[in-house]
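In what follows, a single structure is set out as structure tokens and then discussed.
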Amino acid sequence: MKRLIDKYTGKLTHQGLAGAENITLLCLDAEVTANRPLTEVNPELLRVFDLMNINALLYAEPEEPYKSIIRHLATREKDRLIPNDCENRTFLHDIPIISDLSADTLSRVLSRRKAAIVGAQGIISFGTVSPEQAFVSFSSVCFSTFVKFFTDVMFHLENLNAGKLQRDIALLEAYEEIIKFIQPAFPACDAISKNPPQNESEVVRQMIVAGKELVERRLVDSNFGNISYTFGDNIYISQTGSSLDELETCIDAVPLDGSSSSGITASSELSAHICIFRKTGMRAILHGHPRFTVIMSMSCRKDWCDLSTCYSSCSQDRSVSGIPIVSGEIGTGPSGLFRTVPEAMAKNRAVVVFGHGIFSAGIDSFGPAFELMQSVEKSFILEYFNKIRGLI
Amino acid sequence: MHGYTSRSLKIDLSAKTSEIIATPSSLAEQFIGGRGLGIALIGKRISLDYDAAGMPLIFSSGPLVATEAPTSGRSTVISRSPLTGTIADCSVGGRFGTELKRAGFDFIEITGTSDRWVMVTIEDLAVTISDAAHLEGKNVTGVRDLLGPEGSNAVIGLAGERQARYSSIVFDGHYLAGRGGIGAVMGAKRLKAIKIKGTLPVSVADSAGLKEAREEIMRLLRASQAIFGELGISEFGTAALVDLIHARRMEPTGNFKKTFYDASSSYSGYTLRQCYQTKKTGCRGCPILCKKVGNKGEVMPEYETVSHFGALNFNNDAAAIVEANRLCNEYGLDTISAAATLSCYAELENRVLSPQEMLDIIAEIGGMTTYRGRLLSQGSYRYAQAAGRPEASMSVKGLELPAYDPRGAYGMALAYATSNRGGCHLRAYPISHEILRKPVATDRFSFEGKARIIRIAEDMNAVIDSLTACKFVFFAASLEEYARAVSAVTGRTYDMQSLLKTGERIYVLERYLNSLNGFTSADDDLPKRFFIEEGSSSPNIIVKPLNRQEFLSARSNYYRIRGYDAHGLPTEALMERLGLGQYL
């Protein structure tokens, strides 16, 4: 278990989610293993194992800006947060807020949800199979609260300007504090090839490199996002729940004619990737969740809209900075994004899915797809802050 | 009690009487329904022989049955296994659970032994026990033709009549209470069929809450590649797993001598769909519809069945596999045990059975018409032991292993060993994380952390079988969402941990009841082959023999985590802590 503890503690620090000194990650098989001496672990965290049938527990104070964001959101909301982004509405449903770190309280809330915000300063999550679950839930809370905070600011200012409500001073003061931590940088990326791969092993190698860069540039969080390349008769695609910076053994080769179902472990967006290839002929496809792309995709609140259905069935013809925004849910349901994204991709090399993320594609290499995704995020960041400045 | 009818039915076949009783609310609270309720009802009667008049045969629904909760049409059959001597429970699909609940009953407990063949007919609280001489000697289709299409039915074929030790009860033609030979319990009671139909309402405490929970579950299902993806089980049935398990080099081949069969694509989900132009069907109340039926009405085999009548018997004839499945459904035989017993027979005979010979022997077993058929109807362990080669039976506690080679998934190895009903993949279902990456992937070639993972999963699956839901949903959703559903249905407050606590209570009680029949840690073991013979490796996937010491260490950890003693038995303190003191 120590190997897994080191792995996920390392991911939390490397991805800027939490500092090593603020992380407590506990794993339990027959004995408890931790990332620090057990004598230094809060006994209440250890006692959670007596109250819950789990095998991993993660508690950490997140790094900025998440720390300030959850402090603000937890102060404002009473007992739970409801994510604005589509993926976490499906995955987390909601995020409970609790005030104390007692084992009884922790076990009560974690018996109902995958993660919780504790005392306006920490995040707790757990696993029943692996500490990876705890990491994914923790990371998802960070992502989700980030998106929620910046969308809440945008919606508030839109409503304020429309004269629909009073100025929320606390929210806007928090915004001024939190944007100090937002320092986006988009250095050139030379690692990703602009040349098409010539054989299967080159396909896999290029996917591994592209996946790592997506994570490194924070264009995806935790285990979300996916990547594919169509070569010969197969589409090579990242597996479901795989971390894009660890694709070495997590790529499925799926025959395009459907003659093998070994790709049953492929990304849940397999259908979208196949449909995009068939519709556009573009072989290199990336799907990421850049934060301001997700935020700006929701920058549309018409008075007549039923906000509960925007994610699945928006009928508006929308775009931001020339990039089309479509609705569509994860997977293959009646409102699945595989029905909306490929159609939009026929005219564009990048398409944003409402409240979810972005698909970008290259004709035969990942370089252009990556640059496009990064440039969309860059322009959406500019668009966001221009919009906020205008509204303030 | 919302979610329950509050009524149950007791039938005594010796006296030909029936009695409507109040469903014990304390048992419903402690054990939910389905498997848990059935195990608690049997209690110490588990020490009776399977064919004793006093041995109960229980058909039980759960609180979610006949509600809007996804996959809520299942039921459970519980008794003692004629094959293994352990507790026996089978979660079964079809319409029976829904009809049982709508007929006004939470469970039916059948005891006694009839002096002649009988059938039971139930319709909206009315119960009839009638002569079934006209059904005797018939296989499943013959019986169903006479029963008519209304409602649901549970039937035994010739295998159950003649008490083959792995005979099944067949529900609605092709949903089997398959494992452990529970059909022989029905046969021993001379109960040929149950026909049931119901129109009564089922009460739900909070319909709006149930609708919300259902939508949460459905969103997760729609996002699941394994369920609704274009390569998932909704499209191909569980035969979708053929290609995957083949690619992972863990498909049991030639009585588990190898783990790779190069002709497996001849019976893959894709091939079956192409050859038989399959369409979807499934259990009442299920959105997944994993069952596949060909354009001429042929019932497509499940993954375990195609793989075991395929690779395990070196057979690449898809038509023969479909026919083998049909024969097993007709006679009422567990396909896993049948195919594994055939492969054991082939090994001891030192030859490969031809497809036709395989089909001929199934008929001999089902009808017990020949000496060989009667010998093989006892299961691979009794057969191999009688031949002086017990090690050739690839079974745990006498239950033949399914189609996941444990050398390719170490959690599966531990789960086979610790399973309360013998070599079963469904008690802990580690294929979910070791192969299908749900909820996250684990290292399939490591025992690290697996002891607790298996314990948690055993508890979870005990809950699922008690609710009674379908395990496939849990590739996508979790008890987090189902706790909301069962809370909305019953009006009681459940959460994931309270459900897991109930799961632990059920699992430990099962373990304790097995101990009354002499089961100890010595029975929690795998066939020697897995520790001394390699699987079929490729340059990228090395399939080594299991390390005996690592296995024993993981098993020891498992006992410790469970709170068992060194012999793998529940302690009195554990029983008391779980509220099971009355069973001591």
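The values are calculated or read from the model by the stated rules, or taken from the named source; none is laboratory data. Fair warning: this is a prediction, and the values are worked out from it, not measured in the lab. Here the Cβ positions follow ideal geometry from the backbone for every residue, glycine too, while neighbour counts run over all protein chains shown.
Within the range B:428-452, being facing another protein chain (nearest Cβ under 7 Å) and of a type in the set (G, A, S) holds for B:A441, B:G449, B:A451.
Residues in the range B:1-22 that are part of a loop (DSSP other than H, G, I, E, B) and surrounded by fewer than 18 Cβ atoms within 10 Å (Cβ to Cβ): B:M1, B:H2, B:S6, B:S14, B:A15, B:K16. Taken together, the residues in the range A:102-147 that are of a type outside the set (A, V, I, L, M) and either outside any helix (DSSP H, G or I) or outside the structural domain of A:F91 (by TED's automatic domain parsing) (or both) amount to 13.
Evaluated against (1) in contact with a helix residue (DSSP H, G or I) (Cβ under 6 Å, 6 or more places away or on another chain); (2) buried (at least 16 other Cβ atoms within 10 Å of the Cβ); (3) within 24 Å of B:E448 (Cα to Cα), B:R484 falls short on exactly one condition, (3). Take the conditions farther than 21 Å from B:T335 by Cα, within 14 Å of chain A (Cβ to nearest Cβ) and either touching a residue at least 24 places away in the same chain (Cβ under 8 Å) or part of a helix (DSSP H, G or I) (or both) and apply them to B:A208. Does it pass? In short, no. Exactly one residue among B:R45, B:R35 is closer than 21 Å to B:G183 by Cα and surrounded by 18 or more Cβ atoms within 10 Å (Cβ to Cβ), and that residue is B:R35. For the range B:220-261, a residue qualifies if it is assigned to a helix (DSSP H, G or I) and within 22 Å of A:L337 (Cβ to Cβ), and the qualifying residues are B:L220, B:L221, B:R222, B:Q225, B:A226, B:I227, B:F228, B:I233, B:S234, B:E235.
Summed over the range B:486-510, the residues that are touching a Lys or Arg at 6+ places or on another chain (Cβ under 7 Å) and in contact (Cβ under 8 Å) with a residue 60 or more places away in the chain give a count of 1.
Can you tell me which residues in the range A:365-392 are crowded, with 17+ Cβ neighbours inside 10 Å and in a loop (DSSP other than H, G, I, E, B)? If the condition is that a residue be crowded, with 17+ Cβ neighbours inside 10 Å and in a loop (DSSP other than H, G, I, E, B), then A:S365 is the only one that fits.
Going by what's in this entry, would A:C310 be described as in a loop (DSSP other than H, G, I, E, B) and modelled with pLDDT under 95? So A:C310 fails the test.
Of everything in the range A:16-73 that is of a type in the set (F, W, Y) and away from every other protein chain (no Cβ under 14 Å), the residue that is farthest from B:S553 (Cα to Cα) is A:Y66. Filter the range B:337-383 down to the residues that are among the β-branched types (V, I, T) and crowded, with 24+ Cβ neighbours inside 10 Å, then identify the one that is farthest from B:L312 (Cα to Cα). Per the criteria, the residue is B:I365. Taking the conditions (1) more than 9 Å from chain A (Cβ to nearest Cβ); (2) within 23 Å of A:M52 (Cβ to Cβ); (3) surrounded by 24 or more Cβ atoms within 10 Å (Cβ to Cβ); (4) at pLDDT 95 or above in turn, B:R455 satisfies each one other than (1). The numbered conditions (1) out of contact with any helix residue (DSSP H, G or I) (no Cβ under 8 Å at 6 or more places or on another chain); (2) surrounded by fewer than 21 Cβ atoms within 10 Å (Cβ to Cβ); (3) within 12 Å of chain B (Cβ to nearest Cβ); (4) of a type in the set (A, V, I, L, M, F, W, C) are all true for A:A253 except (1).
Yes or no: A:G263 crowded, with 19+ Cβ neighbours inside 10 Å, within 13 Å of another protein chain (Cβ to nearest Cβ), outside any loop (DSSP other than H, G, I, E, B) and touching an Asp or Glu at 6+ places or on another chain (Cβ under 7 Å)? Spelling it out, A:G263 is indeed crowded, with 19+ Cβ neighbours inside 10 Å, within 13 Å of another protein chain (Cβ to nearest Cβ), outside any loop (DSSP other than H, G, I, E, B) and touching an Asp or Glu at 6+ places or on another chain (Cβ under 7 Å). If you go through the range B:552-563 and pick out every residue that is surrounded by fewer than 21 Cβ atoms within 10 Å (Cβ to Cβ) and either closer than 19 Å to B:R444 by Cβ or away from every other protein chain (no Cβ under 12 Å) (or both), you end up with 2. For the range A:267-275, check the following and say yes or no: at least one residue is more than 9 Å from chain B (Cβ to nearest Cβ), more than 30 Å from B:I435 (Cβ to Cβ) and either touching a residue at least 24 places away in the same chain (Cβ under 8 Å) or not hydrophobic (A, V, I, L, M, F, W, C) (or both). So far as the range A:267-275 goes, no, none of its residues is more than 9 Å from chain B (Cβ to nearest Cβ), more than 30 Å from B:I435 (Cβ to Cβ) and either touching a residue at least 24 places away in the same chain (Cβ under 8 Å) or not hydrophobic (A, V, I, L, M, F, W, C) (or both). Restricting the range A:118-171 to residues that are among the acidic types (D, E) and over 26 Å from A:K2 (Cα atoms), the residue that is surrounded by the fewest Cβ atoms within 10 Å (Cβ to Cβ) is A:E158.
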